[in-house]
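The values are calculated or read from the model by the stated rules, or taken from the named source; none is laboratory data. Since the model is a prediction, treat every value here as computed from it, not as a measurement. Cβ: placed from backbone, ideal geometry, glycine included. Neighbour counts: every protein chain shown.
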Amino acid sequence: MERRAFLQIAGTAGAGLVIGFRIPDRRGVTPFAPNAWLQIEPTGAITVTIDKSEMGEGNHTALAMLVAEELDADWTKVKVGPLPENPKGWSRRMSTGGSTSVRTSWDILRKAGASARAMLVGAAAQTWGVDPGACRTESGVVTHATHRATYGELATKAATIAVPENPPLKDPKDFRLLGKRTHRLDTPSKVNGTAQFGIDVRLPGMLTASVERSPVFGGKVKSFDATRAKTLPGVRHVVQLESTPWTGVAGAWGVGTESGVAVVADTYWQAVQGRQALQITWDEGANATLGDIPARLAVLAGQSGVQARKDGDATAALAGAAKKIEAFYEVPFLHHATMEPMNCTAFAHADSCEVWAPTQNQTRAQEVAAEAAGVPVDKVRIHTTLLGGGFGRRLESDFVAEAVSISKAVNAPVKVIWSREDDMKHGFYRPATYNALTAGLDAQSKPVAWTHHIVAPPILLKFGPLQNGIDRTLIDGAANMPYAVPNVFVDQVAADLSVPLGFWRSVGASQNAFVVESFMDELAIAAGRDPYEFRRELLQEKPRHLRTLELAATKAGWGTPLPAGHGRGIAIAEWEPTTCAAVAEVSVAPDGTVRVHRVVCAVDCGPVVNPDTIEAQMQGGVVFGLSAALYGEITIENGRVKQSNFTDYPVLRIPEMPVVEVNIVPSTDALGGIGEPSVPPTAPAVCNAIYAATGKRVRRLPIGKVT
């Protein structure tokens, strides 16, 4: 990488040193423009500006640690600044998802810190007239046998030093910060209440809007009467929103506005009261009869699918198998259920627009806001707040388009707040899937064939035609099933159901790990084998999977006695390249109620940044996965989502929380993410434990009560 393509002196702010650097995209392509900065103040305070949203996963702390490690900074003086406001001027798309924050920033942020450290050392050496090689750095200070200076004292001089072309990076054995438990930088503000989430935004003259949207997917306002609403205290405007898909993506849900009517008032409660007073007649459209999704998918299962994987000849191997096992698995639509419902504040002017949003996707938000406001993209500023949960829902930008459209209509800053019911009924749901599986065992009870027929609505269809007819998100965890079976066939049938779909935490792996790992358990039982040992034999060519599985089983005490009525289940899944295994211990009450007592997980994510964050994310993923496995289900009736709140879309409560033990596999393999990997193995580990305890197999989620 050329020096100017990586690091440049952006200037001197006051007496401080400011370093800008370019960040390549995840394919390693060098971008063309600088888009991030490391700033050192004369006081020694260090501000790192990064391009990732913080939604509770701790990535701001982890990314700052990458810089601070190579800089040899005093961690107590490091803070994270606001995200850049102009994504168009950024060198890569500003988006946070797929557990990619650290792995796509690992090299560039370390190099930024190393370059800054080299320049500070150079400044000290020039000042003292000594050899730079004789200088050392530690905790924000450059030292020599007879000299000492803080980074703040050297900042102005360092700004005149040439940027090193290829700064040496530390050997991991010399890390002082990376790999150590480190307190998060965002904790104090969340404890003292100064942290700003999207719903906290306040602007002078700001109004608040609540929107009544079509109850049916794709429905439109036929007519409405706002006479009574306009007489209520505080109500300022009533604005009709047309259904306006964003033209940047053909037919995409989630980037335009739904048809509806917005009531704009002085306060949220006044807006809600005005909304309740509206009289609206809806044109429910073609989806008014949509329902019974499982039956629709089951019918489509009779169709041939598009081939996703073919090893050997599974059909012939099944025909010659000594034993054949068949099963059908189903998973429902799921909602993200973020604790902070969707919200956005916008102020659209004649020639520019400002947006304050808890968004995972600043680039898309800027593009969508520009179209809604009718201004050039570079005239839109995105102010990114903290996110009260994301899980993929805030990759969409419908709530941004909505706020901008309303602000433009009333010529004032407007905050749109979704109620919990709005959020539940107008989400972007994880696809429901129907799965037909068949496997064969030979005379020695070894697997010789495996087929997996997947029927599901494809997420990627909203971005245009599927490449080769395949939605890669629907086959993740199925087409790359890691076990050594000589004959494998996986195919996919795309079902277009007109339901808004989105990326849900761990995406396709969340469905397919449940299906694959549960069916693998069935295969082990049919072979008369211990499920753990059966997996071990089939993972000999997958060392990363194998060592992760073994660590989880060892730490869980696999094979040791359990209390009466308890069972253990095991599962493993990959969120490339991270592998995560889980062992669950459960019991089932006489009335069928499932209680999860303990979950032991092991994770191999390669080099470790902050063990504290890894542990928290693994625990959070287990909770997320348990909520979905035990309770999560979005059902569609007459084109409407039936669920409305946590009363009928429950999540795990504190008294239900099991003990979760996290074990990190020491690893130098490829760096992986940690936000999603513990979700996929959770459901199958629990369901396999239910079988171990009761002899009853769960093939449809949510588990509910086992009868």
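List of remarks:
- Conditions (1) part of a loop (DSSP other than H, G, I, E, B); (2) within 22 Å of the chain's Cα centre (by Cα); (3) not acidic (Asp, Glu): number failed by ALA629: (1)
- Hits in region 435-485 - residues which are closer than 20 Å to TYR329 by Cα and among the acidic types (Asp, Glu): ASP471, ASP476
- Residue count for region 428-446, restricted to those that are surrounded by fewer than 24 Cβ atoms within 10 Å (Cβ to Cβ) and among the aliphatic types (A, V, I, L, M): 3
- Selected residue (criterion: surrounded by the most Cβ atoms within 10 Å (Cβ to Cβ)) from residues of region 619-663 that are of a type in the set (Asp, Glu) and in contact (Cβ under 8 Å) with a residue 24 or more places away in the chain: GLU633
- Residues of region 90-107 that are more than 12 Å from LYS52 (Cβ to Cβ) and at pLDDT 90 or above: TRP106, ASP107.
This table checks each residue for (1) under 22 Å from CYS344 (Cβ atoms); (2) at pLDDT 95 or above; (3) crowded, with 17+ Cβ neighbours inside 10 Å.
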site	(1), (2), (3)
GLU212	yes, yes, yes
PRO233	no, yes, no
THR247	yes, no, no
ALA265	yes, yes, yes
GLY274	yes, yes, yes
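- Scanning region 299-355 for residues that are assigned to a strand (DSSP E or B), closer than 30 Å to ARG700 by Cβ and of a type outside the set (D, E, K, R) yields VAL306, GLN307, ALA308, ILE325, ALA327, PHE328, TYR329, VAL331, PHE333, LEU334.
- Those strands (runs of 3 or more DSSP E) of region 428-540 that lie entirely within it include none in which at least 3 residues are within 20 Å of the chain's Cα centre (by Cα), more than 21 Å from ALA581 (Cβ to Cβ) and not assigned by TED's automatic domain parsing to the domain that holds VAL679.
- Count - residues of region 144-168 that are exposed (fewer than 15 other Cβ atoms within 10 Å of the Cβ) and either over 22 Å from THR76 (Cα atoms) or of a type in the set (Val, Ile, Thr) (or both): 7
- Residue within region 601-618 that is free of Cβ contacts under 8 Å to residues at least 12 places away in the same chain and surrounded by fewer than 17 Cβ atoms within 10 Å (Cβ to Cβ) present: no
- Matching residues, region 477-503, being of a type in the set (D, E, K, R) and free of Cβ contacts under 8 Å to residues at least 60 places away in the same chain: ASP496
- Residue list for region 295-313, filter: in contact with a strand residue (DSSP E or B) (Cβ under 6 Å, 6 or more places away or on another chain) and more than 21 Å from ARG472 (Cβ to Cβ): ALA298
- Summed over region 80-99, the residues that are of a type in the set (D, E, K, R) and outside any loop (DSSP other than H, G, I, E, B) give a count of 1.
- Test: residue in region 109-126 that is over 22 Å from GLY44 (Cα atoms) and surrounded by fewer than 24 Cβ atoms within 10 Å (Cβ to Cβ): no
- Test: ASP72 is acidic (Asp, Glu), under 19 Å from ARG364 (Cβ atoms) and buried (at least 23 other Cβ atoms within 10 Å of the Cβ): no
- Hits in region 45-89 - residues which are within 30 Å of ALA370 (Cβ to Cβ) and hydrophobic (A, V, I, L, M, F, W, C): VAL48, ILE50, MET55, LEU63, VAL80, LEU83
- Picking from residues in region 299-340 that are hydrophobic (A, V, I, L, M, F, W, C) and free of Cβ contacts under 8 Å to residues at least 12 places away in the same chain, the one that is farthest from PHE514 (Cα to Cα) is ALA319.
- Residue ID - surrounded by the fewest Cβ atoms within 10 Å (Cβ to Cβ), chosen from residues in region 193-210 that are in contact with a Leu (Cβ under 8 Å, 6 or more places away or on another chain) and under 18 Å from VAL400 (Cβ atoms): GLN196
- Set THR707, THR668: member being at pLDDT below 95 and either over 21 Å from the mean Cα position of the chain (by Cα) or in a helix (DSSP H, G or I) (or both): THR707
- Candidate set from region 405-427 (those that are crowded, with 18+ Cβ neighbours inside 10 Å and hydroxyl-bearing (Ser, Thr, Tyr)); member that is nearest to SER243 (Cα to Cα): SER405
- Filtered residues of region 282-298 (kept if without any contact (Cβ under 8 Å) to a residue 24 or more places away in the chain and in a strand (DSSP E or B)): none
- The residue that is modelled with the lowest pLDDT, among those in region 138-186 that are hydroxyl-bearing (Ser, Thr, Tyr) and more than 15 Å from LEU120 (Cβ to Cβ), is THR146.
- Residues of region 90-118 that are hydrophobic (A, V, I, L, M, F, W, C) and within 30 Å of GLU371 (Cβ to Cβ): TRP90, MET94.
- Filter pass, PHE391 being in contact (Cβ under 8 Å) with a residue 40 or more places away in the chain, part of a helix (DSSP H, G or I) and under 20 Å from the mean Cα position of the chain (by Cα): no
- Per this entry, GLY592 is counted among residues that are out of contact with any strand residue (DSSP E or B) (no Cβ under 8 Å at 6 or more places or on another chain) and outside the structural domain of PRO215 (by TED's automatic domain parsing).
- Note on region 100-126: residues that are closer than 30 Å to ALA365 by Cα, hydrophobic (A, V, I, L, M, F, W, C) and not in a loop (DSSP other than H, G, I, E, B) amount to 4.
- With respect to (1) touching a Leu at 6+ places or on another chain (Cβ under 9 Å); (2) surrounded by fewer than 23 Cβ atoms within 10 Å (Cβ to Cβ); (3) hydroxyl-bearing (Ser, Thr, Tyr), the lone exception for THR96 is condition (2).
- The residue that is farthest from LEU203 (Cα to Cα), counting only those in region 340-386 that are crowded, with 24+ Cβ neighbours inside 10 Å and among the β-branched types (Val, Ile, Thr), is VAL368.
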